[in-house]
Amino acid sequence: PTDRIVIDIATVNGSGCPRDTAAVAVSQDNTAFTVTYSQYLAQVGGGVPATAARRNCQLNLVVHVPHGFTYAIASADYRGY
């Protein structure tokens with residue numbers, strides 16, 4: 001669509017994403033969006049509690065699309081360092 005798609009974060013919940021540490025950005029061509037987490041941390045290895053390897057984050061998004069359009073998430077890509 002030529003009109004802008006707006007995605008707002010309604011709620012964020014989980015051990016991996018404290019409040020106000022996730023953000024959404026929509027691409028200029030309205031074909032993708034990116035979620036970034038500023039404090040998501042999962043760890044494994046010696047001395048790290050088992051719960052540190054099982055972090056999660058559930059996002060509830062409010063998607064505003066132009067009239068007459070529908071949407072679907074066709075794929076997801078996860079990255080980390």
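Odds and ends about this structure:
- Choice from Ala23, Ala32, Ala53 showing the highest fluctuation, given a GNM over the chain with Cα pairs closer than 10 Å: Ala53
- Debye intensity ratio I(q)/I(0), log10, the chain, q values 0.16, 0.20, 0.21, 0.24 Å⁻¹ (C-alpha model): -0.71, -0.97, -1.04, -1.23
- For Tyr78, Tyr37, Tyr71, the sequence from fewest to most other C-beta atoms within 10 Å is Tyr78, Tyr71, Tyr37.
- Residue-wise HN-Hα couplings along segment 11-18, as the Karplus relation 6.51 cos²θ - 1.76 cosθ + 1.60 with θ = phi - 60° gives them from phi, are 8, 10, 8, x, 6, x, 9, x Hz; Gly and Pro carry x.
- Note on the chain: GNM, Cα springs under 10 Å; of Thr36, Thr70, Thr11, the largest mean-square fluctuation is that of Thr70.
Where a number appears in this text, it was derived from the coordinates with a stated rule and is not lab data. The structure displayed is predicted, hence computed values, not measured ones. Here Cβ is always computed from backbone atoms with ideal geometry, including for glycine, and neighbour counts include all displayed protein chains.
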